[in-house]
Each structure stands twice: as structure tokens, then as C-alpha cells.
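Okay, here's the structure, questions in a sec.
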Amino acid sequence: MGSIWNPGSVWKAGLKIGLTCKATSPGEPPKTVISSVVHKGPLYVQKAFYPEGPELAHVYPLHPPGGLVSGDELTVQLDVGNKAQALMTTPGAARVYRARPDRTLQRQINVFNLGVDSSLEWLPLETIVYPDAQASLNTAVHLQEGSKLMLWEVCSLGLPASLQAFDLGSLKQTLNIYAQGRLLLRERLVMDESTRSGFELPVGFQGKPVTGLYVAGPFHLGQLVSQPGSGGLAQLLDDLREIPVEPSLKTSMTEVGGFILVRTLGSCSELSKRWMIEVWKILRPALLGRIACPPRVWRT
């Protein structure tokens, strides 16, 4: 298991949440509950919500400042116990503001530990990286036998609506997914002075300031072919390609090691998020056996 919880480290805010699958009365389904919370600084969680029943907890971490300034480090660790099920999202967009002259990094660190036969959906709203920010965004996921993951990341470089490009500053964004200690998937995005020239290239960002990545898996062949009419991962990818796409949004779908990866390039984070939700509606039943139930906080 990974851990970022070190009381002696330097950070501004940290949150560690433990979720446990708790037995209930005979004949009643088990319930996923928040069994432990430790926080420091302005980062909290109030309670779990159960719009889909007791088995799956919806959890909304709260960060009242809403953004990172120079020197800030925001850490979130979620430990999902054996057979527990969770969906975690955020009530608002995250922001990484313009850095001060000292250029101190602004860090966001997420570590998600999933127990045996557990599931996690990490579906935050977008991250807005302001022009001249110095951002470091890192997520690590540790899977155990039978655990399932659905995760998306939408990142806006600069302020497209205000015509402010990300022409100064840097972003280093990393996603690592491990299964029983073995690295399965690594995604890395670097935007700084050494890579900025590729922003306009067809093999780069194609001039699009909003990037999106959706990861779901691991899928197992037996799980898919047991569903009526399922053609496995190839059929799922075909279903995703049938989702209507706005002309301004570029999308792609691939399968890597049992994971489905969906990517987007666009100019509007809201448009990217809406399209990701349509992807979620298709992949969620296939992976988790649940129809999509949008969190209430998305409507506020």
C-alpha cells in the first residue's frame, strides 16, 4: 500500500479517509461507511451520501480555499477497505493560481489504496492551471485482487474563456496505477519551456488548451462475455465511438493491459466533462454492474 501521511512533512492541508464495508442485519446489504478521518488544515469531509443504496458511499472532500498558491501542498489519501465501494468527487473546480516570483511549486498529491474486491470512482471537476503557475499534480492508485477503478482528470491550461493562454509557467502531471505492487499504467504530462513548442503541433495539443483522460479497469474477458450481447472490450470501444462528439472536441479510445483509456482535447472544460459523463454511462455498467447515478453536488 502507498502512503502520503507523514505528520512531519511540509504541507498546508491534508486529508486521510478510511472506508470500510460494514456488515448489517441479516438480509440487509452491507454498508460502506467512513470509518476514520484525519485532517490538517482547510481540507475536510463531512459525511458520506447514499443515493444508490448503502453498498456505495458518495464522498465529497471540501477545500474551502479552492486553489493552490506558491508553496501550498494539498494531499489526499483514501483507503478503500476490502469489498467497500466508493465514488469521490469535488463540489467545485480546483485552481492552481499564478506563482509568486520565488517560483515555489504548488503541489496536489492523491494516493488511493483499494482493498480486495473493492471499487473506487474518482471523478473530480476540472483543474484550472492559471498562466504562470508552477503546478505539480500527482496521483497514485494501488489496486489489490479484484479491485476496480474508474478515474478521470480534466485539466484546463490557462484561462481559455478569458483568452489567457498558458504561455508561461509549468505543469507536471503524473498518474501511476499499481496492481499488487506492480506498475500497470503510467501517464505523464509535462508542459514547460522545453515542451511548449509542441502545443500547436498535430502530434501535440493541436492548439487545444483543455486535456482530458478517463481510465477504467481492469476489465476481465469473462466479466464482459457473460453479459448478453457483449463483444468484450472491442464492443465497448465501438460503443464509445458512437457517442456524439462536438466538432471542437478531439477524442480517442484505446485498451492497454485490460484498462480502457479515453482521451480528449478541446477548448472548453465543461464540454469535455459532459462528454466524459457519457463515457461513464457506458463503462460503469460494464465494469461495476451499476447504471450511472450523477452525484447531487454536480447539480449545485
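The values are calculated or read from the model by the stated rules, or taken from the named source; none is laboratory data. Just so you know, these numbers come straight off a predicted model, no measurement behind them. For neighbour counting, all protein chains shown are included, and Cβ atoms are generated from backbone atoms with ideal geometry for every residue, glycine included.
I need the full set of residues from segment 227-273 which are among the polar types (S, T, N, Q) and either surrounded by fewer than 17 Cβ atoms within 10 Å (Cβ to Cβ) or within 19 Å of residue 128 (Cβ to Cβ) (or both), in order please.
Applying the first criterion (among the polar types (S, T, N, Q)) to segment 227-273 yields 227, 230, 235, 248, 251-252, 254, 264, 267, 269, 272.
Passing the criteria: 227, 230, 235, 248, 252, 254, 264, 267, 269, 272.
Taking the condition closer than 20 Å to residue 190 by Cα, of a type in the set (Ser, Thr, Tyr) and not in a loop (DSSP other than H, G, I, E, B), does residue 136 pass?
Values: closer than 20 Å to residue 190 by Cα: yes; of a type in the set (Ser, Thr, Tyr): yes; not in a loop (DSSP other than H, G, I, E, B): yes.
Spelling it out, residue 136 is indeed closer than 20 Å to residue 190 by Cα, of a type in the set (Ser, Thr, Tyr) and not in a loop (DSSP other than H, G, I, E, B).
Of a type in the set (Ser, Thr, Tyr), in contact with a helix residue (DSSP H, G or I) (Cβ under 8 Å, 6 or more places away or on another chain) and closer than 19 Å to residue 196 by Cβ: which single residue out of 156, 136 fits that description? Steps first, please.
Numbers: 136 fails: in contact with a helix residue (DSSP H, G or I) (Cβ under 8 Å, 6 or more places away or on another chain).
156 is the lone residue from the list that is of a type in the set (Ser, Thr, Tyr), in contact with a helix residue (DSSP H, G or I) (Cβ under 8 Å, 6 or more places away or on another chain) and closer than 19 Å to residue 196 by Cβ.
Within segment 40-78, restricting attention to residues that are among the polar types (S, T, N, Q) and under 17 Å from the mean Cα position of the chain (by Cα), which residue is nearest to residue 109 (Cα to Cα)? Before you say what the answer is, go through the steps one by one.
Step one: list which residues in segment 40-78 are among the polar types (S, T, N, Q), which gives 46, 70, 75, 77.
Then keep just the ones that are under 17 Å from the mean Cα position of the chain (by Cα); that gives 75, 77.
Working: 75: 5, 77: 8 Å.
The selected residue is 75.
So that you can scan it fast, the table gives a plain yes or no per residue for (1) touching a strand residue (DSSP E or B) at 6+ places or on another chain (Cβ under 7 Å); (2) without any contact (Cβ under 8 Å) to a residue 12 or more places away in the chain; (3) of a type in the set (S, T, N, Q):
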| position | (1), (2), (3) |
| --- | --- |
| 25 | no, yes, yes |
| 30 | yes, no, no |
| 44 | yes, no, no |
| 48 | yes, no, no |
| 53 | no, no, no |
| 69 | yes, no, no |
| 82 | yes, no, yes |
| 86 | yes, no, no |
| 94 | yes, no, no |
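Here is a follow-up. Would you point out the residue of segment 231-269, among those that are charged (D, E, K, R) and touching a residue at least 12 places away in the same chain (Cβ under 8 Å), that is nearest to residue 183 (Cα to Cα)? Give the steps one after another, and end with the answer.
As a first pass, look at segment 231-269 and keep what is charged (D, E, K, R): 238-239, 241-242, 246, 250, 255, 263.
Okay, now just the ones that are also touching a residue at least 12 places away in the same chain (Cβ under 8 Å), so 239, 241, 246, 250, 255, 263.
Numbers: 239: 28, 241: 28, 246: 35, 250: 28, 255: 16, 263: 21 Å.
This residue is 255.
Next question, about the same structure. Which one of these does residue 51 not meet: (1) of a type outside the set (Gly, Ala, Ser); (2) over 24 Å from residue 269 (Cα atoms); (3) outside any loop (DSSP other than H, G, I, E, B); (4) in contact with a helix residue (DSSP H, G or I) (Cβ under 9 Å, 6 or more places away or on another chain)?
It fails just one condition, (3).
Among the candidates 111, 116, single out the residue that is of a type in the set (Val, Ile, Thr), assigned to a loop (DSSP other than H, G, I, E, B), more than 30 Å from residue 163 (Cβ to Cβ) and at pLDDT 95 or above. Write out each step before concluding.
Values: 111 fails: assigned to a loop (DSSP other than H, G, I, E, B).
Only one candidate passes the filter, namely 116.
Does segment 274-286 contain at least one residue that is in contact with a strand residue (DSSP E or B) (Cβ under 7 Å, 6 or more places away or on another chain), within 12 Å of residue 216 (Cβ to Cβ), free of Cβ contacts under 8 Å to residues at least 40 places away in the same chain and surrounded by 13 or more Cβ atoms within 10 Å (Cβ to Cβ)?
no
Answer with yes or no whether residue 285 is in a helix (DSSP H, G or I) and modelled with pLDDT of 90 or more. Steps first, please.
Working: in a helix (DSSP H, G or I): yes; modelled with pLDDT of 90 or more: yes.
Yes, satisfied.
Which residues, taken from segment 85-110, are within 18 Å of the chain's Cα centre (by Cα), crowded, with 21+ Cβ neighbours inside 10 Å and small (Gly, Ala, Ser)?
86 - this is the single residue of segment 85-110 that is within 18 Å of the chain's Cα centre (by Cα), crowded, with 21+ Cβ neighbours inside 10 Å and small (Gly, Ala, Ser).
Does residue 171 meet the test of being assigned to a strand (DSSP E or B), closer than 21 Å to residue 15 by Cβ and touching a residue at least 12 places away in the same chain (Cβ under 8 Å)? Steps first, please.
Values: assigned to a strand (DSSP E or B): yes; closer than 21 Å to residue 15 by Cβ: no; touching a residue at least 12 places away in the same chain (Cβ under 8 Å): yes.
Spelling it out, it is not the case that residue 171 is assigned to a strand (DSSP E or B), closer than 21 Å to residue 15 by Cβ and touching a residue at least 12 places away in the same chain (Cβ under 8 Å).
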